[in-house]
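The values are calculated or read from the model by the stated rules, or taken from the named source; none is laboratory data. Values in this document were obtained by computation on a predicted structure and should not be read as measured data. Cβ sites come from the backbone with ideal geometry, for glycine too, and all protein chains shown count toward neighbours. Just so you know, the surface numbers come from the protein's heavy atoms only, side chains and all, with ligands and any DNA or RNA stripped out. Shrake-Rupley method; radii C 1.70, N 1.55, O 1.52, S 1.80 Å.
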Amino acid sequence: MVTGMIVLRQVNKYYDKNKPNEMHALKDVNLTIPDGEMLGIVGPSGAGKSTLLHILAGIDTADSGSYHFNNTKISGLSPRKLSAFRNKQVGIVLQDFSLVEEYTVLQNVMIPLCFAKGRLPKSKKETAMECLELIGIQDLAGKASGKISGGQKQRVAIARALVNSPGVLLADEPTGALDSKTSEEILRVFLELNAHGHTVVLITHEQKIAGYCHRVVRISDGVLE
Ligand code: ADP
């Protein structure tokens with residue numbers, strides 16, 4: 001039995017392994033994230049933050065070590081099972097919002113539901129609307145995503161990340177493209193979601209941003225302290 005919702009043990013990740021330009025991007029990383037935590041992972045550019053996020057999200061896999069999520073061993077899963085894990089358990093928010101600008105806000109939030117397996121308890125539209133309401137942007141539902149502000153775009157991205165009811169929200173520099181006032185508003189959205197029980201992992205190079213989290217761990221040169 002592995003306790004903690006997310007448990008990484010002795011995780012190592014290399015790029016270009018056994019080549020002259022080999023990069024040891026994560027070095028014996030140990031990390032336990034309990035259910036309901038709001039964790040900040042802070043470190044300078046090149047420290048290994050995105051690499052760590054990709055492994056947590058099941059986008060990439062470690063070269064050694066283990067990853068457990070709610071007692072399920074994620075390391076070693078087949079690509080098909082890893083993709084199912086990613087779709088069901090992980091919500092991702094990125095710096096550049098990654099919205100389809102020609103789609104409406106509602107259509108963007110519905111996208112992950114199109115990949116969901118099995119029967120959905122409600123219609124896709126109803127589920128997506130509930131997420132927009134949760135973030136307080138239901139009035140934007142019919143707007144073109146290319147015609148709203150940066151802060152609104154990031155709210156849409158957060159609603160989209162929530163639509164499959166994931167076990168964890170992973171945010172990679174979610175305020176990197178926003179001014180300081182809007183950044184604070186977006187951080188408050190994450191805080192509120194966390195207050196309602198969502199587990200949040202926020203990756204940033206800015207200590208100030210990480211300061212919004214309940215616990216902060218530091219990473220530098222692939223070593224997590
Ligand atoms: P951060 O997100 O903290 O800026 P990254 O995880 O992106 O750091 O990168 C960690 C290290 O791994 C850096 O030295 C980076 O250049 C290297 N790296 C990242 N991705 C790749 C890749 N696909 N191929 C080779 N090296 C990479």
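Observations on the model:
- Scanning the stretch 85-107 for residues that are in contact with a Phe, Trp or Tyr (Cβ under 9 Å, 6 or more places away or on another chain) and either among the charged types (D, E, K, R) or outside any strand (DSSP E or B) (or both) turns up Phe85, Asn87, Gln89.
- For the stretch 1-32, filtering for residues that are open to solvent by less than 80 Å² (accessible area, probe 1.4 Å), under 21 Å from Gly46 (Cα atoms) and either at pLDDT below 95 or in a strand (DSSP E or B) (or both) leaves 12.
- Checked against (1) away from the ligand (no atom under 16 Å from the Cβ); (2) assigned to a loop (DSSP other than H, G, I, E, B); (3) at pLDDT 95 or above, Pro174 meets all criteria but (1).
- Meets criteria (at pLDDT below 95 and crowded, with 21+ Cβ neighbours inside 10 Å) for Ile203: no
- The residue list Val7, Val29, Val42 contains one member that is more than 16 Å from the ligand (Cβ to nearest atom) and either more than 14 Å from the chain's Cα centre (by Cα) or not polar (S, T, N, Q) (or both), which is Val7.
- Close pairs from the stretch 203-225: first free of Cβ contacts under 8 Å to residues at least 60 places away in the same chain, partner open to solvent by 80 Å² or more (accessible area, probe 1.4 Å) and not acidic (Asp, Glu), Cβ under 6 Å, at least 6 apart: Glu225/Arg218
- The one condition in (1) at pLDDT 95 or above; (2) hydroxyl-bearing (Ser, Thr, Tyr); (3) under 19 Å from the mean Cα position of the chain (by Cα) that Ser83 fails to fulfil: (1)
- Residue list for the stretch 112-153, filter: of a type in the set (Lys, Arg) and surrounded by fewer than 13 Cβ atoms within 10 Å (Cβ to Cβ): Lys117, Arg119, Lys122, Lys147
- Of all residues making up the stretch 76-111, the number that are open to solvent by less than 40 Å² (accessible area, probe 1.4 Å), of a type in the set (S, T, N, Q) and within 30 Å of Arg9 (Cα to Cα): 1
- Filter pass, Glu173 being more than 16 Å from the chain's Cα centre (by Cα) and not basic (Lys, Arg): no
- Close pairs from the stretch 38-64: first closer than 27 Å to Pro79 by Cβ and among the aliphatic types (A, V, I, L, M), partner open to solvent by 10 Å² or more (accessible area, probe 1.4 Å) and near the ligand (Cβ under 7 Å from one of its atoms), Cβ under 7 Å, at least 6 apart: Ile41/Lys49
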